[in-house]
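The values are calculated or read from the model by the stated rules, or taken from the named source; none is laboratory data. What you see is a predicted model, and the numbers here were worked out from it, not measured in a lab. When we count neighbours, we look across all protein chains shown, and the Cβ atoms used for this are built from the backbone with ideal geometry, even at glycine. Just so you know, the surface numbers come from the protein's heavy atoms only, side chains and all, with ligands and any DNA or RNA stripped out. Shrake-Rupley method; radii C 1.70, N 1.55, O 1.52, S 1.80 Å.
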Amino acid sequence: FKKVGNHIIVLGCLRSFNEQNIANIAWSYATMGESHPKLFRKVANHITAQHNLDSFKPQDFSNTLWAYATIGESNPKLFKKIADAAVTKKNEFSSQQISNTLWAYATNGHIDEHLYQSLAPTAAEIVDKFNNQGASNVAWAYAVSNVPAPTLFGQNFIDCCMEKQDEFTQEQLSQLHQWSLWQQELNSNISLSSTLQEKCFEAFISQVFHPSALQDDVISHLSSIGLQPVEEKLLQTGYRLDAFMEVNGNKIGIEVDGPFHFLGRKPTGNTILKRRQITNLEGIQVVSVPYWEWDKLKRDSNEKQKYLRSLLCLN
């Protein structure tokens, strides 16, 4: 894979590849878990340089976007270019193409409101075509985007979920739980059955988390400045905070955000959704400690204490 990728990136241009070829290249590398940042930049630059994407099909869009999100490559120009083109072909998307496309935007934390609004009616018309993964991915993607879609999330969607309730994996049930929390944020009157909601909640809180050395270090220094952080605090919503405490009468949640919480320095969809829902539904101020800010303090405990005091306005 590396050898082929290196060959492609030294080509002067990619005009000899058609749209499906381009999409399949990215899809293949992502499917095999082969990261090749220079190749993905080459593909993105080729697509964004096109005058228009009229010759691209929805399958080309969804495969390309899925690949970038799966491999963890962020390219806002590419995502914007495809979003604008996809809107013009919104009625041509299949259920799987809609699911993969919206999941990719949400995963990368790239929220294109116009795209989400445009695809909602199409998704609503074919809601019975979504499989269990497609239904949960779409629900989660809209929850991340925070773009209301009442035409999509009506009784037909609820019926679709009920029919598939025994097919959902633990991860998919967790996605539906976050969608249910989003409905609470919206003060919506749409909800899953109490039985399915309970299954979703149990799946969500059963996720296993292993505190990192980074997290342990931050919590240790919170204690060293006189605070009393509660580690891995389980909240009513089912979310867990790395640390929870009260500071000057305010409820504060500390999230020690490692590399997997970001694409570059930009929060992923999971990070965005967690922060927003804890703030909106729990009334807790979420404070992030990004790994790069903590790492640059190295082993200087005084500087780490100073950083935390400043972050929490304790000076």
Checking GLN236 against (1) open to solvent by less than 60 Å² (accessible area, probe 1.4 Å); (2) farther than 18 Å from GLN170 by Cα; (3) not hydrophobic (A, V, I, L, M, F, W, C), which single condition isn't satisfied? (1)
Going through the range 5-18 one residue at a time, which ones are in a helix (DSSP H, G or I) and out of contact with any helix residue (DSSP H, G or I) (no Cβ under 9 Å at 6 or more places or on another chain)? HIS7
Yes or no: the range 254-263 includes at least one residue that is buried (at least 20 other Cβ atoms within 10 Å of the Cβ), in contact with a His (Cβ under 8 Å, 6 or more places away or on another chain) and over 17 Å from LEU235 (Cα atoms). no
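Residue-by-condition table, conditions (1) in contact (Cβ under 8 Å) with a residue 40 or more places away in the chain; (2) under 22 Å from TYR116 (Cα atoms):
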position: GLN20; (1), (2): yes, no
position: ALA23; (1), (2): yes, yes
position: SER28; (1), (2): no, no
position: LYS38; (1), (2): no, no
position: THR70; (1), (2): yes, yes
Report whether or not ASN156 is open to solvent by 30 Å² or more (accessible area, probe 1.4 Å) and at pLDDT 95 or above. yes
When GLN228 is evaluated against the numbered criteria (1) surrounded by 12 or more Cβ atoms within 10 Å (Cβ to Cβ); (2) farther than 28 Å from TYR105 by Cα, which criterion, by number, is the only one it fails? (1)
VAL287: without any contact (Cβ under 8 Å) to a residue 40 or more places away in the chain, touching a Leu at 6+ places or on another chain (Cβ under 9 Å) and of a type in the set (Val, Ile, Thr), yes or no? yes
Out of ALA69, ALA49, which single residue is surrounded by 14 or more Cβ atoms within 10 Å (Cβ to Cβ), under 24 Å from LYS89 (Cβ atoms) and aliphatic (A, V, I, L, M)? ALA69
If you go through the range 103-141, how many residues are crowded, with 22+ Cβ neighbours inside 10 Å, closer than 22 Å to MET162 by Cα and within 16 Å of the chain's Cα centre (by Cα)? 9
Please identify the pairs in which a residue from the range 208-231 that is β-branched (Val, Ile, Thr) has its Cβ atom under 6 Å from the Cβ atom of a residue that is assigned to a loop (DSSP other than H, G, I, E, B) and surrounded by 15 or more Cβ atoms within 10 Å (Cβ to Cβ), counting only partners at least 6 apart or on another chain. ILE219/PRO229
Name the residue that is nearest to the chain's Cα centre (by Cα), counting only residues in the range 215-265 that are in a strand (DSSP E or B) and basic (Lys, Arg). ARG240
Being basic (Lys, Arg), open to solvent by less than 70 Å² (accessible area, probe 1.4 Å) and either free of Cβ contacts under 8 Å to residues at least 40 places away in the same chain or part of a helix (DSSP H, G or I) (or both): is that true of LYS306 here? no
If you go through GLU92, GLU34, the only one that is open to solvent by 50 Å² or more (accessible area, probe 1.4 Å) and in contact with a Phe, Trp or Tyr (Cβ under 9 Å, 6 or more places away or on another chain) is GLU34
